[in-house]
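The values are calculated or read from the model by the stated rules, or taken from the named source; none is laboratory data. These numbers come from a predicted model, not from an experiment. Cβ coordinates were reconstructed from backbone atoms using ideal geometry, including for glycine residues, and neighbour counts include every protein chain displayed. Note: accessible area is taken over every heavy atom of the protein model, side chains too, but ligands, DNA and RNA are not part of it. Shrake-Rupley method; radii C 1.70, N 1.55, O 1.52, S 1.80 Å.
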Amino acid sequence: MKSKVILIFLILFFAFAQYWGLVRAPADRMMGDVYRILFVHVPAAWNALLLLTVSFVGCLLYLLRRKEFWDRLAHSSMEIGLVLTGLVLPLGSLWAKPTWGVWWTWDPRLTTTMILFILYAGVLILRQLIDDPVRRAKISSAVGLLIYLNVPIVYLSVRWWRSLHQLQSSPSTMDPQMVLALRLNAFALLGLAVFFLVQRMRLLKREALIEEKESLPPPLPRGAQS
Amino acid sequence: MTLFFQQTVAILSKDFLMEYRDRSRLLSTLLFGLLLLLLFSFALSVDPALMRKMAPGLFWLTLFFASTLSLEHSFQKEREEGRWEGLLILGIDPRALFLGKLLGNLLFISLLQLFLLPLMAVLYDIQLSWTLGTVLVLGSLGLSTLGTFYSALTASLREGQFLLPLLLYPMLVPLLLASVKVTELVLARDLFGQQVAWLKLLIVFDIIFLLGSLLTAEFLIDR
């Protein structure tokens, strides 16, 4: 019940932030209304990076502390981060076509995001293939660490290789209404992401309980000799 | 520490002996490499100038694909006939096991390269040089480090062999970019000395991946 109320509040807040971005913020001088996609693209990218960083911390702490909680945190944030990364790519393409004239370029950030997506999808598939929960947590934490460390390396190497992405705009060159809309949207999405994270972790905890129960021998039938 | 190296060498020589006595895997990998070189040139172009230009990329792709066959096998073979339990009963250091396997894979990949290079020179008309050798060693060190890591990981899974390329290839991207770039520069008789920067990058990658996988190897192997 409580979580439903929170969810409704978060959706309303998200709708409000979107309204601010789509209606209240002025059109861009060069790009017109097209730029408004940044109110979903940029928050999704920020939150994806944030969640993947959280999953890195989860992996690291699991290997150090061996508490299931950290593995659940790593797993849940990886899933949600992956969904957001999957959103960033098509949203960026939608913006790139009218602005750059192409759906895709081999720019470092685009390429890195794509590779990031494949890497994390791989870890989540890997999790499905390991039955023993302790082993699953240990192996996927080790891989999670390695993958996260690889991200900046991929980024730098592709950047050396070739480059074109739009540099970040600083808040001082943007209309204050735009900055406000962007921040509102980032927080709205963050709220939703954290909500999903908490729900997913609860679900994982219950799944683990069921798994544990099923792995126990069945109870003896009534009246049986023990 | 000496025990650690003794164990590493023992693993390496055991694997070497196994591969030497049953040469079918080495031979099939070499043939697969040759086949890939042919297929690439059929699929892409008959223009010699273009092939020469694409040669570095095709060489590294061929090496990646062909070595996946043997990387997969490097831990998989320990899963048969209770060998894994045997190794663990001997109380071998997981890192020594990992390092031994890594050196074995490096040796295997180097053999593959020695075989592919002359073929490449003939088929794609490129000039071989000694600088190229450095690049090849550095590139294959990175390839065998990450390859051994993921091979250790997927060998213990059911259906693991399907997962190896999916997990391994995206991790290899930086290595592929750097290796192809240096190879290109070396073949083009790099006049502006750009290759030094890329070589340094390649060395940095190797060190990072080697340390990273040695540190996490024990989580994959202790069981």
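Key figures
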| quantity | calculated |
| --- | --- |
| Interface size A-B, as summed buried accessible area [1.4 Å probe, Å², nearest 100] | 2700 |
| Out-of-range pairs (alpha-carbon distance over 24 Å; input A:LYS67/A:LYS213; A:LYS67/B:LYS101; A:LYS97/B:LYS53; A:LYS2/A:LYS205; A:LYS138/A:LYS213) | A:LYS67/B:LYS101; A:LYS97/B:LYS53 |
| Using θ = phi - 60° and Karplus 6.51 cos²θ - 1.76 cosθ + 1.60, couplings along the stretch B:89-103 (whole Hz; Gly, Pro as x) | 5, 5, x, 6, 5, x, 5, 5, 4, 4, 5, x, 4, 4, 5 |
| Given 12 as the ceiling on other Cβ atoms within 10 Å, longest exposed-site-free region of chain A for chymotrypsin sites (Phe, Trp or Tyr not before Pro) in DSSP loops | A:107-226 |
| Rounded to whole Hz, the Karplus (6.51, -1.76, 1.60) HN-Hα couplings of the stretch B:146-160, x for glycine and proline | 5, x, 5, 4, 6, 5, 4, 6, 7, 4, 8, 9, 6, 6, x |
| Zero-based 10 Å bins, Cα pair distances in chain A, whole percents | 7, 26, 29, 22, 10, 3, 2, 1, 0 |
| Unit charges on C-beta of K, R, D, E only; dipole of the stretch B:68-206, Debye | 180 |
| Part-to-part distance (alpha-carbon centres) for the stretch B:142-174 and the stretch B:3-70, which is given in Å | 16 |
| Amide proton proximity set for A:ASP175, modelled H, under 5 Å, gap of 5+ | none |
| Point-charge dipole on Cβ atoms (K/R +1, D/E -1) for the protein assembly as shown, about Cα centre, debye to 20 | 1000 |
| Relative pair counts by distance (%), Cα atoms of the protein assembly as shown, 20 Å bins | 21, 48, 27, 4, 0 |
| Heavy atoms of A:ILE6 accessible to a 1.4 Å probe, total area in Å² rounded to 10 | 80 |
| Spatial extent of the stretch B:2-221: Rg and Dmax, with the Cα atoms as the point set, Å | 17.9, 58 |
| The protein assembly as shown, accessible surface, carbon-and-sulfur percent (1.4 angstrom probe) | 69 |
| Accessible area expressed per residue, chain B, with surrounding protein chains retained (probe 1.4 Å, Å²) | 47 |
| 5 angstrom amide H check on B:GLN194, placed H, neighbours 5+ away | none |
| Charge-dipole axis of the stretch B:2-221 as Lys and Arg at +1 and Asp and Glu at -1 on Cβ define it, positive-most pick from B:PRO174, B:LEU3, B:LEU114 | B:LEU114 |
